[in-house]
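Accompanying notes for the structure given below.
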Amino acid sequence: MAEINPHYQKLKMSYLFQEIEKRSESARLKNPDLLNFGIGDVTLPLAKPIVKAMCAAISELGETNTHRGYGPGGGYSFLREKIAQHDFSDQISPDEIFISNSAKSDSANIQELFHPNNIVALADPTYPVYIDSTVLAGRSKEVSENGTYEGVTYLPCTEENNFTPPLPSGAVDVIYLCSPNNPTGVALTKNALEKWVDYALKNKAIILFDAAYEAFITSNAPHSIYEIENANKVAIEFRSFSKKAGFTSLGCAYTVVPKDLHIPLHSLWKRRVSTKFNGVPYPIQRGAEATYSESGKEVLKCQIVQYQKQTKQLRDGLQKLGYTLFGGIDAPYIWCKAPSKMKSWEFFDYLLEHAGIICTPGSGFGPSGEGFVRFSAFASENTITQALKRLEALCALH
Ligand SMILES: Cc1ncc(COP(=O)(O)O)c(C=O)c1O
């Protein structure tokens, strides 16, 4: 008799974005001009050098002499070599880099490599993929009343600890760290990361480090966990071209699995990739390669600067209106405290109803997100200007 995987039944329905959509739809009936700061998707077009490289690659596939079939599952060496050189100053070897179609998928799929009894720790609030994949991997018990899953170690990130996940009191085996963090927009300092690497070395744990937003860092926070001594013994790193190069419609990312890890995850991940993945399409890998060309780097730098400018515009504007804010320095996300002790959803509804602004309620990312909302600066300058005007008018009213 076929039966469904019982772990799927434990999973809470992902009601956050559905609920946002439902409430936004109903608000749109009264006010069709809603301004969306909820989405975390890029708004600038694909850079021309990337488009050119992809078109050339597609043409190659259409010619007898240059046609290609399946590529290597872990990615072409032309891309892995560029990544090693440009992103890791050759401190990481190309064969420790696995090209994939998504950092989201990799950060979830990596759980297959660990023993079923391993205990997972994650930041609270967290990128929802980490907790959902932990539940699906059978590493949690049932969901409790406050929405957390028993058996998972939550690391509360609060105003008091500057949204830095505290070390767990007990031993954990696998630790998700995201820096700069989605949703808080806060990056971990070198000092904080050193403590985590030290913890992992002492406890023989593995850190799953998600650096999807590293390109947006403006402070001196590390861009990679491998900037920390001995991190290659205890950390896997995920990176993505999605946000830094506008690849959300294409899908290209990579995962670094060092050969020096204290358990043989490199060979296991290689095995997994060869069993379950046919590799990222050749034209997309050529497009990713173009992000490292001189012209590619130039355009992408301008795009990142544009997103950083927008984040600052939104942050400065909100701050001027008296909101208490965090993040937004090293990531295009601003973590805003709801005024007057409002709950996340209350503040969401207030902004939606009175200003036609859509944000994301912080409580949807975990219990420590209660009382906050996330603003994404992946919008246009014009949208930000309009939103700030509306909020100013709202402040004058109340
Ligand atoms: C923390 C984090 N990691 C990974 C991703 C997704 O990366 P990809 O588009 O490569 O799947 C996102 C996208 O929202 C993210 O916020």
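Read-outs throughout are calculated quantities, based only on the coordinates presented, and are distinct from any laboratory measurement. Computed from a predicted model, the values in this text were never measured in an experiment. We place every Cβ from the backbone using ideal geometry, glycine too, and count neighbours over all the protein chains shown.
Helices in the chain, meaning DSSP H runs of at least 4 residues, each add -39500 (n - 2.57). Divided by all residues, the mean residue ellipticity at 222 nm is -12500 deg cm²/dmol. Size descriptors for the stretch 114-204, from the alpha-carbon set: Rg then Dmax equal 12.9, 36 Å.
Neighbours of Gln308 by Cβ distance under 11 Å: Lys/Arg scored +1, Asp/Glu scored -1, total +3.
Loop-located trypsin sites (Lys or Arg not before Pro) across the stretch 177-263 with a Cβ neighbour count of 11 or fewer within 10 Å are lacking, with loop assigned by DSSP. On a straight-distance basis, which aspartates and glutamates could pair with Lys301 in a cross-link, Cα separation under 18 angstrom, same-chain partners fewer than 8 positions away excluded? Once the sequence-local aspartates and glutamates are set aside, what remains near Lys301 is Asp41, Asp87, Glu214, Glu289, Asp330, Glu381.
Taken over the Cα atoms of the stretch 260-308, the convex hull encloses 144 Å³ per residue. Working from Cα pairs under 8 Å separated by at least six residues, relative contact order for the chain is 23 percent. Of the residues Thr158, Thr64, Thr385, Thr275, the one with the fewest other Cβ atoms within 10 Å heads the list, and the complete ranking is Thr64, Thr275, Thr385, Thr158.
Applying the Karplus relation 6.51 cos²θ - 1.76 cosθ + 1.60 with θ = phi - 60° to the stretch 346-358 yields 3J(HN,Hα) values of 4, 5, 4, 5, 4, 5, 5, 6, 8, 10, x, 10, 9 Hz, where x marks Gly and Pro.
For the stretch 280-320 and the stretch 326-380, compute the distance between their C-alpha centroids and round to whole Å. Using only Cα atoms to place each centre, the spacing works out to 24 Å. Dividing the mean sequence gap of close Cα pairs (under 8 Å, 6+ apart) by how many residues the stretch 259-341 holds gives a relative contact order of 15 percent. The distance separating the Cα centre of the stretch 190-255 from that of the stretch 63-117 comes to 15 Å. Of Lys30/Lys389; Lys202/Lys259; Lys243/Lys389; Lys243/Lys297; Lys233/Lys297, which sit over 25 Å apart, Cα to Cα? Over 25 Å Cα-Cα: Lys243/Lys389; Lys233/Lys297. The translational diffusion coefficient of the stretch 1-143, from Stokes-Einstein at 25 °C and 0.890 mPa s with a Kirkwood hydrodynamic radius over alpha carbon pairs, comes to 122 µm²/s. Look at where the Cα atoms of the stretch 1-36 and of the stretch 122-144 average out, and the two centres are 18 Å apart. When Met13, Met54 are sorted by how many other C-beta atoms sit within 10 angstrom of their C-beta, beginning with the fewest, the order is Met13, Met54. A viscosity of 1.306 mPa s and a temperature of 10 °C, combined with the Kirkwood radius over Cα pairs in Stokes-Einstein, give a translational diffusion coefficient for the stretch 146-286 of 97 µm²/s.
What are the aspartates and glutamates whose alpha-carbon lies under 12 Å from the alpha-carbon of Lys320, with same-chain residues fewer than 8 places away excluded? Correct list for Lys320: Glu392. Please work out, to two decimal places, the log10 of the ratio I(q)/I(0) at q = 0.07, 0.14 Å⁻¹ from a Debye calculation in which every Cα of the chain carries one identical scatterer. Treating every Cα as an identical point scatterer, log10 I(q)/I(0) equals -0.33, -1.31.
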